[in-house]
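Reviewing the structure listed below.
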Amino acid sequence: MSDKRPEVILTFGNNESQTVEDLLKKAHDIGRKMRVVVVDAGPEYAGRNMVKRLAKHGIECQYTLISMVSFIINTVTKVFLSSSYILQNGALVAPMGTSMIGCLA
């Protein structure tokens with residue numbers, strides 16, 4: 001991450017994002033300049049809680065629904081996605097919508 005310009009990090013706010021959330025908090029704690037865009041999708045809308053936790057930690061956040069990803073992807077410098085698990089053949093299993101964000105990135 002650059003120390004001059006803040007990074008704009010996009011992540012998909014799902015229930016499997018605890019590792020990504022911990023990584024973002026640690027980067028903030030060591031002084032990295034960043035803004036986090038949390039993308040969310042129904043029916044759970046778990047990204048709302050992720051935004052609240054990150055903002056409470058002092059991280060600048062933006063919240064958007066998955067339908068808007070194609071419009072904001074050009075402003076993003078990094079994309080962090082999580083998965084539920086990895087299969088023996090190397091395939092990833094992730095919540096619905098993760099592959100769409102990956103393809104746009």
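The values are calculated or read from the model by the stated rules, or taken from the named source; none is laboratory data. Source: prediction; values computed, not measured. So basically every Cβ, Gly included, is an ideal-geometry build from the backbone, and we count neighbours across all protein chains shown. All accessible areas refer to the heavy atoms of the entire protein, side chains included, with ligands and DNA or RNA removed. Shrake-Rupley method; radii C 1.70, N 1.55, O 1.52, S 1.80 Å.
Using a simple charge model, +1 on the beta-carbon of Lys and Arg, -1 on the beta-carbon of Asp and Glu, nothing else, what dipole does the chain show about its Cα centre, in debye to the nearest 20?
The calculation lands at about 360 debye.
May I ask you to give the solvent-accessible area per residue for the chain, in square angstrom, as obtained with a 1.4 angstrom probe?
For the chain, the per-residue accessible area is 61 Å².
Between residue 49 and residue 29, what is 0.36 nm times their sequence separation minus the Cα-Cα distance? Round to one decimal in nm.
Net length gain for the segment: 5.2 nm.
When a/c reaches 1.5 or more, the comparison of a/b and b/c decides; with that in mind, is the range 1-79 rounded, prolate or oblate per its Cα gyration tensor?
Since a/c reaches 1.5 but b/c is at least a/b, the shape of the range 1-79 is classed as oblate.
Taking only DSSP H segments of four or more residues, each worth -39500 (n - 2.57), what value at 222 nm results for the chain once the sum is divided by all its residues, to the nearest 500 deg cm²/dmol?
-8500 deg cm²/dmol
Quick query: amide H of residue 60 versus all other amide H atoms, modeled in the peptide plane; which residues come in under 5 Å with a sequence gap of 5 or more or a different chain?
Counting only residues 5 or more places away or on other chains, the set is 36.
In whole Å, what is the distance between the alpha-carbon centres of the range 86-105 and the range 16-71?
When both Cα centres are located, 18 Å separates them.
Any idea what angle helix 47-56 forms with the longest principal axis of the chain, computed on alpha-carbon atoms, 0 to 90 degrees, nearest 10?
20
Got a sec to turn the phi values of the range 18-26 into Karplus ³J(HN,Hα) couplings, 6.51 cos²θ - 1.76 cosθ + 1.60 with θ = phi - 60°, whole Hz, x for Gly and Pro?
So the J values, rounded to whole Hz, are 4, 5, 5, 4, 5, 5, 5, 5, 5.
Relative to a virtual label point 7 Å from the Cα of residue 83 in the Cα→beta-carbon direction, which members of the range 26-62 show backbone nitrogen distances below 19 Å?
Taking a point 7 Å out along Cα→Cβ of residue 83, no residue of the range 26-62 has its backbone N under 19 Å.
Tally the DSSP beta bridges in the chain and give the antiparallel ones as a percent, rounded to 5.
The antiparallel fraction comes to roughly 10 percent.
Per residue of the range 74-86, what does 6.51 cos²θ - 1.76 cosθ + 1.60 with θ = phi - 60° give for ³J(HN,Hα)? Whole Hz please, x for Gly and Pro, Karplus curve as stated.
Calculated HN-Hα couplings, in order: 6, 8, 8, 9, 9, 10, 10, 10, 10, 9, 6, 6, 10 Hz.
Residue separation times 0.36 nm, minus the C-alpha to C-alpha distance between residue 57 and residue 91: what's the value?
Value of the extension gain: 8.9 nm.
Given a cut-off of under 8 Å on Cα pairs at least six residues apart, what relative contact order in percent is computed for the chain?
31
Of all the accessible heavy-atom surface of the chain, with the other protein chains kept in place and a 1.4 Å probe, what percent is carbon and sulfur?
About 54 percent, which is the carbon plus sulfur part of the accessible surface.
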